[in-house]
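A.B. asks: The following block contains the structure, expressed as structure tokens.
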Amino acid sequence: MNKFLTILIILLAISSCKSKKSLTNTTELKRLSSKKIINNYNENIFDQKTIDARIRAKYKDTKSSMTLVIKLRIEKDKTIWLSATKLGFPIAKVKITPERVSYYEKLSRVYFDGDFSLLSKWLGTELNYEEVQNLLIGQSLLDLKDGRYDSQITNNLYELTPKRENKLFNLLFLFNPSNFKLNSQEISHPEKQQVLTVSYPKYELNNGEHFPKEVNIRVKDKKKMTNVNLDYRTVEFNKKLTFPFTIPKGYKEIRLK
């Protein structure tokens, strides 16, 4: 009986220490002004010229789902290139520049070469080149220096929300206190009943750069919900890259209504 009580007391003591440690970690997070949070974020902003990555991607909407392996190449601020395969067979390529989106799909033998309307249709929300690039590399879709924000601590993360309510959309940003990288960002359009949420549950340190290990994208509107989950398997920076892209002859052009 004494032996049992001794073991029970030790277990309770360990449990008590763990609870206190967790509580201490939460209360230790120091309150920071929005300006300080944004400055820290900008000091840790992505600063590499190129990205060469391999991604396992899962796509799901209300009608379909698929899993793909994607080769991703980015020359920052100039070109985003993706080549998708399924079960080892190439099925599609995408090339995005600040001016246009080009795409072709081998199975359906179709192509698109135009503005960002096709990409916006895929994701269910309107995005330009810079926003797509930022989404992929763990940066804010909007320039935080352009706005004024309130700051608070939420679930041991730093939260920013606009000081003034915007008539067109609502914003929410959450930052990891250890590296001031984005934990998640949300943009909602109440009038359109549309919400875009992008979360970055894990980062890895790669050559001194904190880069997302995972990117989870969710778009919800009154008609459907789209989920895209990206798992970065390999990532290399500052390699010399090429972006081969030629629309095959005989393919039918996709025309959006």
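A.B. asks: Over the chain, calculate the relative contact order: mean separation of alpha carbon pairs under 8 Å at least 6 apart, over the residue count, as a percent. Provide the component values of the computation, followed by the final result.
C.D. replies: On the way: 483 pairs, mean separation 51.9, N = 257.
Value for the chain: 20 percent.
A.B. asks: How much length is gained if the chain between T85 and E105 is pulled fully straight, taking 0.36 nm per residue apart and subtracting their Cα-Cα distance, in nm to one decimal?
C.D. replies: Fully extending the segment from T85 to E105 adds 6.1 nm.
A.B. asks: Let me ask something additional. How big is the range 107-257 by the Kirkwood estimate over distinct Cα pairs, in Å? Walk me through the numbers before you get to the answer.
C.D. replies: Working: mean 1/r = 0.0565 Å⁻¹.
Radius from the Kirkwood sum: 17.7 Å.
A.B. asks: Follow-up question, since we're still on this one. Quick one: if you stick a label point 7 Å off each Cα along the C-beta vector at L29 and K252, how many nm between them?
C.D. replies: The answer from the label model is 5.2 nm.
A.B. asks: How would the range 188-247 be classified by its alpha-carbon gyration tensor: rounded, prolate or oblate, with rounded meaning a/c under 1.5 and the a/b versus b/c comparison settling the rest?
C.D. replies: oblate
A.B. asks: At a probe size of 1.4 Å, how large is the accessible area of S151, to the nearest 10 Å²?
C.D. replies: Rounded to the nearest 10, the figure is 20 Å².
A.B. asks: Determine the calculated [θ] at 222 nm for the chain from helices alone, applying -39500 (n - 2.57) to every DSSP H run no shorter than 4 residues and normalising by the residue count; nearest 500 deg cm²/dmol.
C.D. replies: Calculated mean residue ellipticity at 222 nm is -6500 deg cm²/dmol.
A.B. asks: Continuing with the same structure: Please check: in the Gaussian network model of the chain (C-alpha springs, under 10 Å), which one of L107, L141, L32 has the largest mean-square fluctuation.
C.D. replies: L107
A.B. asks: Can you tell me the 0 to 90 degree angle between the C-alpha axis of helix 2-28 and the longest principal axis of the chain, rounded to 10?
C.D. replies: 50
A.B. asks: Taking only Cα atoms, what is the 0 to 90° angle, nearest 10, from helix 34-43's long axis to the longest principal axis of the chain?
C.D. replies: Once rounded, the angle reads 60 degrees.
A.B. asks: Round to a whole number: what % of the accessible area of the chain belongs to carbon and sulfur, probe 1.4 Å?
C.D. replies: The value for the chain is 51 percent carbon and sulfur by accessible area.
A.B. asks: Sticking with this structure for a sec: How many nm separate the modelled label positions at K63 and L205, each set 7 Å beyond the Cα in the direction of the Cβ?
C.D. replies: Placing both labels 7 Å beyond Cα along the Cβ direction yields 4.7 nm.
A.B. asks: Moving on to the next point. Using the heavy atoms of the protein chains alone and a 1.4 angstrom probe, what is the accessible area of the range 131-257 per residue in square angstrom?
C.D. replies: Details: 7500 Å² over 127 residues.
Solvent-accessible surface per residue comes out at 59 Å².
A.B. asks: Hey, another quick one. Place the peptides 191-199, 142-150 in order of packing, highest mean first, counting for every residue the other Cβ atoms within 10 Å and averaging per peptide.
C.D. replies: Highest mean packing first, the order is 191-199, 142-150.
A.B. asks: How far apart, in nanometres, would the label points at N166 and R54 be if each is projected 7 angstrom from Cα along the Cα-to-Cβ direction?
C.D. replies: Between N166 and R54, the simple spin-label model gives 3.8 nm.
A.B. asks: Separate question: Mind checking Rg over Rh on the chain, alpha carbons, Kirkwood formula for Rh?
C.D. replies: Dividing the radius of gyration by the Kirkwood radius yields 1.07.
The values are calculated or read from the model by the stated rules, or taken from the named source; none is laboratory data. A quick note: this is a predicted structure, and the numbers were derived from the prediction, not measured. Because the Cβ atoms are built from the backbone with ideal geometry, glycine has one as well, and the counts that use them run over all protein chains shown. Protein only, heavy atoms only, side chains kept; ligands, DNA and RNA dropped before computing areas. Shrake-Rupley method; radii C 1.70, N 1.55, O 1.52, S 1.80 Å.
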